[in-house]
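Worksheet: the structure to be examined is printed underneath.
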Amino acid sequence: ARGSRDPGERGAEEASSRERAAQLMAAQMGIKIKFRSMAPVQSLPVGLLFPDQNSRSLRLLSAARNLPGVPAMLDSLRATLGFDPLGASPIQGVWELFRGPEAIPVWLEETRLCQPVLFISALAAVERLRQRRPGCLERCRAVAGLSLGELAALTFAGVFDVATGLRIARLRGEAMQEAAEASPQRQLSIAGLRREAVERLCVEALEEESGGGGCVCQIAQELFAEGFLCSGDTAAMEALLRRARATEGCKQVSLLKASAGGAVHTPRMAGARARLLEELRGLEGLMKPPRCDVYMGAGARKIEAGSAPSDLIPLLCEQLTGCVRWEATVRSMIQDGVGQFYECGPMQQLKGMMKRIDEDAFSAMLSMDHVVKNEKEKPR
């Protein structure tokens with residue numbers, strides 16, 4: 001009976017009907033209007049997004065340290081690291097006095113330490129979301145993680161338990177740092193150019209530095225329209241920087257810190273990929289089918305709820321040496337009906353990217369780090 005249906009469901013249907021009527025009327029009048037969904041946020045399917053290690057910050061983890069479940073995760077993290085990540089860090093030089101209150105500790109710039117810390121930070125963000133918006137996690141239809149964030153996404157989806165995910169994050173960080181230190185490597189962010197133009201510049205940079213052989217320079221992450229992370233050998237990255245600056249239409253280009261993690265998502269991470277594959281195969285017996293859909297960055301592929309864990313292992317490894325298609329991943333989630341996104345992790349980088357991917361999704365997206373920064377935001 002209509003009267004027995006959930007009020008939120010009825011409200012969503014009524015809003016959708018009004019929206020369709022308005023769209024039809026606009027079409028008949030020859031007016032082009034971009035309609036924003038009128039469905040109540042509380043009724044929309046939820047997607048959780050987890051950032052990568054470039055979202056380095058301890059603020060969210062510190063703010064969530066006393067939430068249910070987080071103290072136990074922090075104990076495991078301390079045991080993994082051998083020290084308290086939220087403890088006072090000793091001053092290593094006078095220059096640190098000028099870094100400001102929001103500066104990250106020097107040790108967090110090390111990939112081997114950063115990855116397990118940000119893995120736990122992402123799970124702490126989920127507990128912050130559970131506290132602030134009770135019930136929204138029950139509407140979670142899908143998850144996705146950018147690079148490292150895939151481990152937290154899979155943990156939330158029930159594929160790993162926290163201990164297993166932390167173990168993988170530690171090994172992944174150690175293996176990637178070792179691969180990054182094997183040769184001079186850098187990352188470069190670039191915005192304002194189409195993919196074809198960036199690929200051409202990468203080829204030209206390779207030709208300039210090595211005649212096209214033996215050097216690495218390629219797109220590592222497709223983040224949003226005309227927004228990319230490139231990585232490779234330092235000399236090639238510097239050549240790419242010069243060429244991008246001289247290219248008409250380039251809005252922003254900069255080299256990331258040398259400590260950013262090396263030539264991620266390129267063949268330079270082949271050794272790390274082999275170690276991760278061996279570890280995951282050894283842990284496959286502990287893995288479970290995901291309880292919700294998981295969108296993987298390697299190939300922007302959707303792994304449906306209930307799929308075999310063996311389907312996930314090659315994709316987790318593939319993204320270490322291949323391009324991560326973040327924009328395509330998020331667009332797939334939107335096309336499949338996800339209407340409300342939450343960024344579970346430090347800082348608000350994924351929300352910034354969402355603004356350039358889909359304005360409607362951006363408007364309905366909330367970053368858990370925003371909640372920490374702005375306590376005026378009220379739970380729904």
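The values are calculated or read from the model by the stated rules, or taken from the named source; none is laboratory data. Worth saying up front: this structure is predicted, and the values here are computed from it rather than measured. A quick note on method: Cβ atoms are made from the backbone with ideal geometry, for glycine too, and the neighbour counts reach across all protein chains shown. Only protein heavy atoms, including side chains, enter the accessible area calculation; ligands, DNA and RNA are left aside. Shrake-Rupley method; radii C 1.70, N 1.55, O 1.52, S 1.80 Å.
Examine segment 175-198 for a residue that is modelled with pLDDT of 95 or more, closer than 19 Å to residue 120 by Cα and open to solvent by less than 20 Å² (accessible area, probe 1.4 Å), and state whether such a residue exists.
Scanning segment 175-198 turns up at least one residue that is modelled with pLDDT of 95 or more, closer than 19 Å to residue 120 by Cα and open to solvent by less than 20 Å² (accessible area, probe 1.4 Å).
What pairs come up if the first residue lies in segment 279-293 and is over 23 Å from residue 48 (Cα atoms), the second is open to solvent by 30 Å² or more (accessible area, probe 1.4 Å) and polar (S, T, N, Q), and their beta carbons are under 7 Å apart, counting only those six or more places apart or on different chains?
Sorted first by the residue in segment 279-293, then by its partner, the pairs are 284/310.
Starting from segment 315-332, keep only residues that are under 13 Å from residue 353 (Cβ atoms), then list their pairs with residues that are of a type in the set (Gly, Ala, Ser) and open to solvent by 30 Å² or more (accessible area, probe 1.4 Å) whose Cβ atoms are within a distance under 7 Å, requiring at least 6 positions of separation or different chains.
325/299; 327/225
Tell me which residues, restricted to segment 219-232, are closer than 13 Å to residue 203 by Cα and either surrounded by fewer than 24 Cβ atoms within 10 Å (Cβ to Cβ) or touching a residue at least 60 places away in the same chain (Cβ under 8 Å) (or both).
Passing the criteria: only 219.
Quickly run through segment 200-218 and pick out the residues that are open to solvent by 10 Å² or more (accessible area, probe 1.4 Å) and either part of a helix (DSSP H, G or I) or among the basic types (Lys, Arg) (or both).
If the condition is that a residue be open to solvent by 10 Å² or more (accessible area, probe 1.4 Å) and either part of a helix (DSSP H, G or I) or among the basic types (Lys, Arg) (or both), then 200, 203, 204, 206, 207, 208, 209, 210 are the ones that fit.
Do you know which residues across segment 185-218 are charged (D, E, K, R) and in contact (Cβ under 8 Å) with a residue 60 or more places away in the chain?
186
Residue check: is residue 358 out of contact with any Leu (no Cβ under 8 Å at 6 or more places or on another chain) and over 24 Å from residue 195 (Cα atoms)?
no
When segment 342-371 is examined, which residues are found to be of a type in the set (S, T, N, Q) and either touching a Phe, Trp or Tyr at 6+ places or on another chain (Cβ under 8 Å) or exposed (fewer than 15 other Cβ atoms within 10 Å of the Cβ) (or both)?
363, 367, listed by residue number.
Considering only segment 329-356, how many residues are assigned to a helix (DSSP H, G or I) and more than 24 Å from residue 369 (Cα to Cα)?
Total satisfying the criteria: 2.
What tally of residues in segment 60-88 results from selecting those that are open to solvent by 70 Å² or more (accessible area, probe 1.4 Å) and over 18 Å from residue 112 (Cβ atoms)?
5
Which residues, counting only those in segment 335-358, are within 16 Å of the chain's Cα centre (by Cα) and hydrophobic (A, V, I, L, M, F, W, C)?
Those that are within 16 Å of the chain's Cα centre (by Cα) and hydrophobic (A, V, I, L, M, F, W, C): 341, 344, 347, 350, 353, 354, 357.
Taking the conditions exactly as written (of a type outside the set (Lys, Arg) and either under 20 Å from the mean Cα position of the chain (by Cα) or modelled with pLDDT of 95 or more (or both)), does residue 208 satisfy them or not?
no
For segment 133-165, what are the residues that are in contact with a helix residue (DSSP H, G or I) (Cβ under 6 Å, 6 or more places away or on another chain), part of a helix (DSSP H, G or I) and open to solvent by less than 10 Å² (accessible area, probe 1.4 Å)?
Correct list: 151, 152, 165.
Just give me the residues in segment 254-300 being open to solvent by less than 30 Å² (accessible area, probe 1.4 Å) and under 15 Å from residue 180 (Cβ atoms), in sequence order.
Correct list: 260, 261, 262, 263, 264, 265, 266, 269, 272, 276.
Which residue, of 5, 20, is farther than 22 Å from residue 342 by Cβ, over 26 Å from the mean Cα position of the chain (by Cα), basic (Lys, Arg) and at pLDDT 60 or above?
Answer to the selection: 20.
Taking the criterion of being of a type in the set (D, E, K, R), more than 22 Å from residue 299 (Cα to Cα) and free of Cβ contacts under 8 Å to residues at least 24 places away in the same chain, would at least one residue in segment 132-144 satisfy it?
Yes, the conditions are met somewhere in segment 132-144.
Results for (1) in contact with a helix residue (DSSP H, G or I) (Cβ under 8 Å, 6 or more places away or on another chain); (2) modelled with pLDDT under 95; (3) on the phi > 0 side of the Ramachandran plot, shown as yes or no for each residue.
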position: 297; (1), (2), (3): yes, no, no
position: 309; (1), (2), (3): yes, no, no
position: 317; (1), (2), (3): yes, no, no
position: 328; (1), (2), (3): no, no, no
position: 362; (1), (2), (3): yes, no, no
position: 374; (1), (2), (3): no, yes, no
position: 380; (1), (2), (3): yes, yes, no
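Residues to consider are 235, 244; find the one that is in a helix (DSSP H, G or I), in contact with a helix residue (DSSP H, G or I) (Cβ under 9 Å, 6 or more places away or on another chain) and under 30 Å from residue 112 (Cβ atoms).
Of the residues listed, the single one that is in a helix (DSSP H, G or I), in contact with a helix residue (DSSP H, G or I) (Cβ under 9 Å, 6 or more places away or on another chain) and under 30 Å from residue 112 (Cβ atoms) is 235.
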